[in-house]
Amino acid sequence: MKSKGDWSDYLDALEQRISKFSADGKINRLRAKLSENCKASATGKAGIYTLWAPTGFGKTLASLRFSLGQAIETDASHVFYIIPYMSIIDQTASEFKSFLPKEVILEHHSNVNTERYSDDELKNYELATQSWTNPIVMTTMVQFLDTVFSMQNTNIRRFHSLANSIIIFDEIQSLPTHCMLPFFQTCEFLASVCHCTIVLCSATQPKFNDAGLYLQLLSDGDIGGL
């Protein structure tokens, strides 16, 4: 498995999927506007962006549209989706695999059923979760924080794959308030030192406290534009 994705091919597949969506009705028009704004924002510089939009407005595919466009723009190595809830990972991975090659997507979370794997498949999966070299990696916030802050050898091996990547954090409001400031500082390090593009997705903005002020200083803008 090569580590860098065929971003143009993946974006073409996504565009074909999006072209089938209905544009009828006010909500669908707002969803389309959000998606188009994300597409247009993808040509911008690498940085830290937010994507605030109500639940049901299609943030998942809109953020993927941005991610793949930005991956082309910045010649990124990987796209990461960091999601706090298992059910959302399962749902999102299933959606992505409906139009993208299944082998490019690595799911790294405890809901993955490895009992059906052969010995070779299990070995390959374990190696993949230790290195995060698939083009698109979907994992949990816990795995991400372990990778960034833990000194275990496996986590250090994963960390290098984060460099020069597009990293999408979904449901960012679920992060405990006391963790937000060090988390945003980590985002700043990844963006400024590791040449990553960060997108913080949520239907609810973080509370206006020190962490919220810090995010305002870091953010390069909202890519949804609603």
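The values are calculated or read from the model by the stated rules, or taken from the named source; none is laboratory data. Keep in mind that this is a model prediction, so the values were computed, not measured. Glycine also receives a Cβ, built like all others from the backbone with ideal geometry; neighbour counts cover every protein chain displayed. For accessibility, only protein heavy atoms count, side chains too; no ligands or nucleic acids. Shrake-Rupley method; radii C 1.70, N 1.55, O 1.52, S 1.80 Å.
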Item to check | Single residue of the range 32-56 satisfying the filter (closer than 22 Å to residue 89 by Cβ and open to solvent by 30 Å² or more (accessible area, probe 1.4 Å)) that is modelled with the highest pLDDT | outcome: 52
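Determine if the range 22-37 includes at least one residue that is under 26 Å from residue 160 (Cα atoms) and in contact with a strand residue (DSSP E or B) (Cβ under 9 Å, 6 or more places away or on another chain). Give the steps one after another, and end with the answer.
Taking the range 22-37 first, the residues under 26 Å from residue 160 (Cα atoms) are none.
No: zero hits.
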Item to check | Among (1) modelled with pLDDT under 95; (2) of a type in the set (Val, Ile, Thr); (3) open to solvent by less than 50 Å² (accessible area, probe 1.4 Å), the one test that residue 166 misses | outcome: (1)
Checklist entry - Among the residues of the range 71-83, is any assigned to a loop (DSSP other than H, G, I, E, B) and over 20 Å from residue 193 (Cβ atoms)? => result no
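Of all residues in the range 188-198, how many are touching a helix residue (DSSP H, G or I) at 6+ places or on another chain (Cβ under 7 Å) and either outside any strand (DSSP E or B) or surrounded by fewer than 13 Cβ atoms within 10 Å (Cβ to Cβ) (or both)? Walk me through how you get there before you give the answer.
In the first step, residues of the range 188-198 are kept if they are touching a helix residue (DSSP H, G or I) at 6+ places or on another chain (Cβ under 7 Å); the result is 188, 190, 194, 196-198.
From what's left, either outside any strand (DSSP E or B) or surrounded by fewer than 13 Cβ atoms within 10 Å (Cβ to Cβ) (or both): 188, 190, 194, 196.
Residues flagged as touching a helix residue (DSSP H, G or I) at 6+ places or on another chain (Cβ under 7 Å) and either outside any strand (DSSP E or B) or surrounded by fewer than 13 Cβ atoms within 10 Å (Cβ to Cβ) (or both) within the range 188-198 amount to 4.
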Item to check | Single unsatisfied condition, residue 157 versus (1) farther than 24 Å from residue 188 by Cα; (2) touching a helix residue (DSSP H, G or I) at 6+ places or on another chain (Cβ under 8 Å); (3) of a type in the set (D, E, K, R) | outcome: (1)
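Looking only at the range 126-173, count every residue that is over 21 Å from residue 66 (Cβ atoms) and assigned to a helix (DSSP H, G or I) and tell me the total. Steps first, please.
Initially, the range 126-173 is screened for residues over 21 Å from residue 66 (Cβ atoms), giving 126-131, 133, 140, 142-143, 145-160.
Then keep just the ones that are assigned to a helix (DSSP H, G or I); that gives 126-131, 142-143, 145-149, 153-160.
Counting residues in the range 126-173 that are over 21 Å from residue 66 (Cβ atoms) and assigned to a helix (DSSP H, G or I) gives 21.
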Item to check | Matching residues in the range 16-46 - criterion: being in a helix (DSSP H, G or I), touching a residue at least 12 places away in the same chain (Cβ under 8 Å) and charged (D, E, K, R) | outcome: 17, 31, 33, 39
